[in-house]
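Enquirer: Please find one structure pasted underneath; my questions will follow.
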Amino acid sequence: MKKEDFLSSRQWRYATKKFDPDKRVTAESFELILEAIRLTPTSYGLQPFKVFAIENTGLRQALREAGFGQSQFTDASHLLGFAHLEAFSEELIDRFAGLVRDIRKPEPEKIEGYASFLKNLFGSWTNDQKSRWADKQMYLALGNALQAAAELKVDSCALEGFDVEKANAILQLPEGLKVSAFLALGYRSTEDQTQHLPKVRVAHEDLFVTL
Ligand SMILES: Cc1cc2nc3c(=O)[nH]c(=O)nc-3n(C[C@H](O)[C@H](O)[C@H](O)COP(=O)(O)O)c2cc1C
């Protein structure tokens, strides 16, 4: 792959402030972004999060209010809510072990040994540790979705600027799930001046250190 091709989608993507409310992301592009989320690697492969596609306009308006009036909540074509597991039990590990059994058909004692290793490990963690770990895994998926969208020339904006308690009260997610970020997807408005601004990033030498 040429250097320019590799960098072009990364340069093109920017945090879209103003979406064109009349432009819709195609079902095909949307499904590809979801698939990129599903394929995201996570620690131990446990995928401790869920992603909600929020279509209801009333919910989106309420989220905009919880999100300090940010227009991306209502004007983007699609809105995804990224929710991590606040606490989890051995069921999460059993789900993973079951998938490995079905898909890879390993020798039973191998997957049982791995599952009991994970149960011991997570069994020693507090709910707070589990929640912070799950949130980190969720953010990997968010990052992957941002890049996937850019490759499809779909504009996006990750959104962390909202009142977490209010947003969770609005969404009324199943017990144990907490939204900590949203992803707005759509197409930039020609009026969004941010698209013309150069990227602000620290210099290579201020970020990377060779030891
Ligand atoms: C996790 C996360 C949360 C963010 N939350 C918001 C937000 O609430 N509102 C907003 O306008 N931009 C938000 N941004 C966009 C960042 O400010 C932006 O990505 C950063 O300044 C770099 O600019 P660029 O994405 O245009 O290259 C968020 C970005 C990330 C990754």
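Throughout, read-outs are computed from the coordinates displayed, never taken from laboratory work. Worth saying up front: this structure is predicted, and the values here are computed from it rather than measured. FYI the Cβ positions are ideal-geometry reconstructions off the backbone, even for glycines, and counts take in every protein chain you see.
Enquirer: Please list, short to long, the whole-number percent of alpha-carbon pairs of region 122-211 in consecutive 5 angstrom bins beginning at zero.
Expert: 2, 10, 13, 17, 18, 16, 12, 7, 4, 1, 0
Enquirer: By count of other Cβ within 10 Å, fewest leading, how are Leu140, Leu92, Leu183 ordered?
Expert: Details: Leu140 15, Leu92 19, Leu183 23.
Listed from fewest to most nearby Cβ atoms, that is Leu140, Leu92, Leu183.
Enquirer: Hey, in the GNM for the chain with a 10 angstrom Cα cutoff, which one of Lys18, Lys50, Lys110 fluctuates hardest?
Expert: Answer for the Gaussian network model of the chain: Lys110.
Enquirer: Something else about it: Quick one: Karplus J couplings for region 48-64, per residue in order, coefficients 6.51, -1.76, 1.60, θ = phi - 60°, nearest Hz, x for Gly and Pro?
Expert: Whole-Hz 3J(HN,Hα) from phi for region 48-64: x, 7, 9, 10, 10, 8, 9, 9, 4, 5, x, 5, 5, 5, 5, 5, 4.
Enquirer: Sticking with this structure for a sec: Pulled fully out, how much extra length does the chain show between Glu31 and His196, if you take 0.36 nm times their separation in residues and subtract their Cα-Cα distance? Please report the intermediate quantities before stating the final value.
Expert: Numbers: separation 165, 0.36 × 165 = 59.40 nm, distance 2.87 nm.
Taking Glu31 through His196 to full extension adds about 56.5 nm, to one decimal.
Enquirer: Straight-line reach from Lys50: which lysines have a Cα under 17 Å away, not including same-chain ones fewer than 8 places off?
Expert: Of all the lysines, those that pass the test against Lys50 - Cα under 17 Å, at least 8 places apart if same chain - are Lys130, Lys136, Lys178.
Enquirer: Could you tell me the center-to-center distance, by alpha carbons, between region 163-183 and region 61-113 in angstrom?
Expert: Their Cα centres are 13 Å away from one another.
Enquirer: With r as the distance between the Cβ atoms of Glu151 and Arg101 and R0 = 35 Å, compute the FRET efficiency 1/(1 + (r/R0)^6) and round to 0.05.
Expert: Numbers: r = 33 Å, r/R0 = 0.95.
Efficiency, from the Cβ-Cβ distance: 0.55.
Enquirer: Dividing the alpha-carbon Rg of the chain by 2.2 N^0.38 Å yields what?
Expert: On the way: Rg = 19.3 Å, N = 211, 2.2 N^0.38 = 16.8 Å.
My calculation over the Cα atoms of the chain gives 1.15.
Enquirer: Treating cross-link reach as a plain straight distance, find the lysines whose alpha-carbon is under 28 Å from the alpha-carbon of Lys2, omitting any fewer than eight places away in the same chain.
Expert: Partners found: Lys153, Lys199.
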